[in-house]
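The values are calculated or read from the model by the stated rules, or taken from the named source; none is laboratory data. As the structure is a prediction and not an experimental result, all values here were calculated from the model. Neighbour counts run over all protein chains shown; Cβ positions are idealised from the backbone, glycine included.
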Amino acid sequence: MVAGRRAGTRPDRRRPRVVDADKRRIILARHADGESIRTIARATKLSVGTVHNVLADHRAASN
């Protein structure tokens, strides 16, 4: 944090999250319906990696 302060960054001013609760719900529902990650990414205008991370986080949380 000291280095961050020197660089002028603040920990309370982080980048906003791309995936809000609604998009997360949509991703999980579409995946449960059998849609591919690429199709979900196109429909939600997110990257394939972001959709994959949402699904991986959900799997980890449910285990």
Residue count, the range 36-48, condition farther than 15 Å from ARG24 by Cβ and not hydrophobic (A, V, I, L, M, F, W, C), comes to 4
Scanning the range 20-44 for residues that are β-branched (Val, Ile, Thr), touching a residue at least 12 places away in the same chain (Cβ under 8 Å) and over 16 Å from ARG59 (Cα atoms) gives ILE40, THR44
Within the range 26-63, of all residues that are of a type in the set (Lys, Arg) and outside any loop (DSSP other than H, G, I, E, B), the one surrounded by the most Cβ atoms within 10 Å (Cβ to Cβ) is ARG30
Taking the range 1-25 and the residues there that are part of a loop (DSSP other than H, G, I, E, B) and either of a type in the set (Ser, Thr, Tyr) or in contact with a Ser or Thr (Cβ under 8 Å, 6 or more places away or on another chain) (or both), the one that is modelled with the lowest pLDDT would be THR9
